[in-house]
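Everything on this sheet refers to the single structure shown next.
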Amino acid sequence: MTDTLNFEGRVVIVTGAGNGLGKSHALEFARRGAKVVINDLGGATSGGGRDSAVAQKVVDEIKAAGGEAVANGDSVEDGEKIVQCALDTFGQVDVVVNNAGILRDATFHKMTQEDWELIQKVHLGGSFAVTRAAWPHMREAGYGRVIMTASGAGVYGNFGQANYSAAKLGLHGLAQTLAIEGAGKGIFVNTIAPIAASRLTESVMPPAMLEGLKPELVTPLAIKLCHESNTDTGQLFEVGGGWVSRLRWEQTQGARFNPAQGFSAEQLADEWDTVQSFEGAGHPKDMMNTLKVVGELIGVDLSLSKQ
Ligand SMILES: NC(=O)c1ccc[n+]([C@@H]2O[C@H](COP(=O)([O-])OP(=O)(O)OC[C@H]3O[C@@H](n4cnc5c(N)ncnc54)[C@H](O)[C@@H]3O)[C@@H](O)[C@H]2O)c1
């Protein structure tokens, strides 16, 4: 099949591109003509350490195949340095794939402040820092594509990953607001929750599972969402092992009470089935439905309010 999703003339930053998913994304962007910034700190899976050879190895592989890439060994916490590297080397930044990550798993009662803060710093803080530095350039160009890499652990929760779950779903919250703010400037932001064999999963998945979950089975979604033909934004996708699926919010019709009279916990208990019933449920795309329902109840048109 011929490649129609071409990235000639585009500059792509992939963070954490020295291993696993990021490396797979970076190789494919480069193969499709993009100039790629291969960012990777080259540290341990639990954070700490640094090795500039990790990013350079991927650059060498891209160059050997005739592609263009530059290595960057900064931490994503220093996002402006990574974006500056893209600007200094290639003069622009069109795509940011926020992918770098580490794990500090512990059950909540054993989780230290350091476990918590490091995960927020790298995943949420790093994605903020890189995207924030790229944002003005994308706005000025009237063009941008951004990916946040979340996780099923954030969407559904996962034993021993309270820090990681919080950061990962936080990334989707960030993506949804950036999708709203970026839409008028041609900047589209989406979230992927992948599942793949990598350094991060090799100790928790059985070998047969790892064999089937190649990172290359996640990359087509990153390519599709970052191409100029893509206009989807603010969406959340699960992807892995050859499966790609979209998730959305579902909202029950809910119980309604007279706000002037208030209501008791007992009245709410009587209506609990109504609160929870998904019969006739809606799929709100933004805050408008909530504002409409609440506005009707309190007799104020909230649709004109700033969300
Ligand atoms: N593999 C999965 O099944 C899975 C599932 C859900 C989410 N994810 C997410 O996908 C992303 C990629 O993970 P992976 O599985 O490919 O792991 P990986 O360990 O193979 O790759 C992550 C890369 O990020 C780099 N990195 C870590 N901290 C960094 C920092 N501060 N600055 C720059 N680079 C840094 C590491 O050196 C490493 O090369 C992560 O955000 C991870 O949380 C992976």
Any chance the stretch 59-70 includes a residue that's under 21 Å from the mean Cα position of the chain (by Cα) and open to solvent by less than 50 Å² (accessible area, probe 1.4 Å)?
no
Would you mind stating whether Thr201 is among the hydroxyl-bearing types (Ser, Thr, Tyr) and within 8 Å of the ligand (Cβ to nearest atom)?
yes
Residue check, Thr274 surrounded by 11 or more Cβ atoms within 10 Å (Cβ to Cβ), in a helix (DSSP H, G or I) and in contact with a Pro (Cβ under 8 Å, 6 or more places away or on another chain):
no
Is there a residue being more than 20 Å from Gly186 (Cβ to Cβ), in the same structural domain as Asp78 (by TED's automatic domain parsing), open to solvent by less than 10 Å² (accessible area, probe 1.4 Å) and in contact with a strand residue (DSSP E or B) (Cβ under 8 Å, 6 or more places away or on another chain) anywhere in the stretch 116-126?
yes
Does the stretch 28-53 hold any residues that are free of Cβ contacts under 8 Å to residues at least 60 places away in the same chain, surrounded by 22 or more Cβ atoms within 10 Å (Cβ to Cβ) and outside any strand (DSSP E or B), and which are they?
Ala30, Leu41
Would you point out which residue out of Thr89, Thr131 is over 23 Å from the mean Cα position of the chain (by Cα) and either more than 9 Å from the ligand (Cβ to nearest atom) or in a helix (DSSP H, G or I) (or both)?
Thr89
Of the residues Leu169, Leu210, Leu178, which single one is within 14 Å of the ligand (Cβ to nearest atom) and closer than 28 Å to Ala30 by Cβ?
Leu210
Candidate set from the stretch 134-164 (those that are more than 9 Å from the ligand (Cβ to nearest atom), outside any strand (DSSP E or B) and open to solvent by less than 20 Å² (accessible area, probe 1.4 Å)); member that is nearest to Ala86 (Cα to Cα):
Ala134
Enumerate the pairs (first residue in the stretch 174-188 and outside the structural domain of Asp286 (by TED's automatic domain parsing); second residue anywhere and open to solvent by 60 Å² or more (accessible area, probe 1.4 Å)) with beta-carbon separation below 6 Å, excluding pairs fewer than 6 apart on the same chain, so at least 6 apart or on different chains.
Lys185/Arg139
Filter result for Met205 (over 22 Å from Thr131 (Cβ atoms), surrounded by fewer than 19 Cβ atoms within 10 Å (Cβ to Cβ) and either in contact with a His (Cβ under 8 Å, 6 or more places away or on another chain) or touching a residue at least 12 places away in the same chain (Cβ under 8 Å) (or both)):
no
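The values are calculated or read from the model by the stated rules, or taken from the named source; none is laboratory data. Predicted, not measured: the structure shown is a model, and the values here were computed from it. Positions of Cβ are generated from backbone atoms using ideal geometry, with glycine treated the same way; all protein chains shown enter the neighbour counts. These accessible areas exclude ligands, DNA and RNA; they are computed on the full protein's heavy atoms, side chains included. Shrake-Rupley method; radii C 1.70, N 1.55, O 1.52, S 1.80 Å.
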